[in-house]
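**Q** Structure provided below as structure tokens; questions to follow.
Where a number appears in this text, it was derived from the coordinates with a stated rule and is not lab data. Computed from a predicted model, the values in this text were never measured in an experiment. Cβ: placed from backbone, ideal geometry, glycine included. Neighbour counts: every protein chain shown.
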Amino acid sequence: MRDWIVELVQKELFSENDDCRAHAVISVGVLGLKKDKTINVLLDLLELDPCEYIRLQVIRTFTGLGATNSKVIRALRERERAGGLLASEATKALRVLNVSASKIPSRVSTRPRKMRSVASSLAPAGSPTHRTITEV
């Protein structure tokens, strides 16, 4: 039964009717659909949908889902810079999602992190196997 409902909701995201799309976006949040395909459709709706109410609901759905995907965060930050009602909603969403610039990596760090091996963590301190290794 759930599979049938999920399929129906995903079809309604592409509906011509604004109300159907809006209800489908809300349903995605209620059902907790976090698949990449669904998130990508929501991102497309946020960028391209002509109805501001649907774009507002997409932002609220991301908040409800706890979506911290880098694409979602990037889209919310773009909306935040645009101004208007969507900007204030995007700001609220980013605050609720607790996203700060330090949590979203801008690039991959090339600095190796220190990590203890399993063998060294089991060995007594001072023994030859008790040392740190670097992760590659």
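**Q** Please list, by residue number, every one of the GluC sites (Glu not before Pro) in the stretch 1-107 that is coil in DSSP and has at most 12 other beta-carbon atoms within 10 Å.
**A** Qualifying residues, ordered by number: E16.
**Q** Something else: Could you name the aspartates and glutamates in cross-link range of K35, using Cα to Cα under 17 Å and dropping any fewer than eight places away on the same chain?
**A** Partners found: D3, E7, E12, D44.
**Q** For a 21 Å ceiling on Cα separation, which of these pairs sit above it: K71/K92; K37/K92; K34/K71?
**A** Checking Cα-Cα distances, K37/K92 exceed 21 Å.
**Q** State, to one decimal in nm², a quarter of the convex hull surface area for the C-alpha atoms of the stretch 6-90, i.e. the direction-averaged projected area.
**A** Reported value for the Cα convex hull: 4.8 nm².
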